[in-house]
Amino acid sequence: GTRVGAMLYGSGLDTVIPPGTSRRHVLHLLHALRRPPTAEGQATRLRDLLHGGASLMKRRSTIFVVSDFISEPGWEQAMAQLAQRHEVVAVRLVDPLEMDLPDLGLIPIRDAETGEQLMVDTQDPGFRRRFARLAAEREAALRTTLADAGVDTLELSTDDDLADALLRFIDLRRRRTRQGAVGQPAHLRVA
């Protein structure tokens, strides 16, 4: 009986599926999720999606923002504002190769958003160290940003078992709920 809707972002806010509960509605939503993204050649503007969500959702809701969070800057404040009114869960999609490149020799790397392609020599240990350092810095900054916004974060690695990751996350949230207000964002604590 829980109403579920979706906002899909590709070349902008491409699709809005209003909340519904029927089996047919869920199938429509799943079909829409299977469509390939249309945004090649453009950088993601997560800020636009978050502002769109804030303006469309009038009732307090649980919002799952599913993204790799590689976006144009400026989405951080929009995320924090959304989390002030709603319960927000950031579902991060993480590819281990974005953190640590293996030694594969000379390989082409293509930016999925802009389509730009360049050749990279992964045999160079200095390049791999710089890549890993920058990735770790980006990762630390992103985790801090999401924590400061007051959102829960579920990280899904492309090489993890999806069911195990979801069960761990649900268990963590259940334990936090049992502890009461300890560890909850300030806006979700019971007065």
Quick one: is residue 82 among the aliphatic types (A, V, I, L, M), more than 23 Å from residue 163 (Cβ to Cβ) and either in contact with a Leu (Cβ under 7 Å, 6 or more places away or on another chain) or part of a loop (DSSP other than H, G, I, E, B) (or both)? yes
Residues that are in a strand (DSSP E or B), exposed (fewer than 15 other Cβ atoms within 10 Å of the Cβ), modelled with pLDDT under 90 and under 17 Å from the mean Cα position of the chain (by Cα): does the range 21-42 have at least one? no
Selection within the range 144-161 - assigned to a helix (DSSP H, G or I) and within 20 Å of residue 62 (Cα to Cα): 145, 146, 147, 148, 149
Could you go through the range 116-135 and let me know if any residue there is of a type in the set (Val, Ile, Thr), over 30 Å from residue 18 (Cα atoms) and surrounded by fewer than 15 Cβ atoms within 10 Å (Cβ to Cβ). no
Pull out all pairs, ordered by first then second residue, where Cβ-Cβ is under 7 Å, the residues are six or more apart or on different chains, the first lies in the range 123-145 and is within 22 Å of residue 104 (Cβ to Cβ) and touching a residue at least 12 places away in the same chain (Cβ under 8 Å), and the second is of a type in the set (S, T, N, Q) and open to solvent by less than 100 Å² (accessible area, probe 1.4 Å). 128/122
Anything in the range 51-76 that is farther than 15 Å from residue 5 by Cβ and in contact (Cβ under 8 Å) with a residue 12 or more places away in the chain? List them, or say none. 51, 67, 68, 69, 70, 71, 72, 74, 75, 76
Restricting the search to the range 155-168, which residues are open to solvent by less than 60 Å² (accessible area, probe 1.4 Å) and among the polar types (S, T, N, Q)? 157
Report, by residue number, each residue of the range 136-154 that is of a type in the set (Asp, Glu) and open to solvent by 80 Å² or more (accessible area, probe 1.4 Å). 137, 148
Take the residues in the range 60-83 that are buried (at least 17 other Cβ atoms within 10 Å of the Cβ) and among the aromatic types (Phe, Trp, Tyr), then tell me which one is modelled with the highest pLDDT. 75
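Here is a yes/no grid of residues against (1) under 30 Å from residue 120 (Cβ atoms); (2) modelled with pLDDT under 85; (3) surrounded by 15 or more Cβ atoms within 10 Å (Cβ to Cβ):
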site: 8; (1), (2), (3): no, yes, yes
site: 17; (1), (2), (3): no, no, yes
site: 47; (1), (2), (3): yes, no, yes
site: 58; (1), (2), (3): no, yes, no
site: 85; (1), (2), (3): no, no, yes
site: 101; (1), (2), (3): yes, no, yes
Can you spot a residue in the range 115-131 that is part of a loop (DSSP other than H, G, I, E, B), among the charged types (D, E, K, R) and at pLDDT below 85? yes
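The values are calculated or read from the model by the stated rules, or taken from the named source; none is laboratory data. Everything numeric here is computed off the predicted structure, so don't read it as measured data. Cβ sites come from the backbone with ideal geometry, for glycine too, and all protein chains shown count toward neighbours. Areas reflect the complete protein model, heavy atoms only, side chains present, ligands, DNA and RNA absent. Shrake-Rupley method; radii C 1.70, N 1.55, O 1.52, S 1.80 Å.
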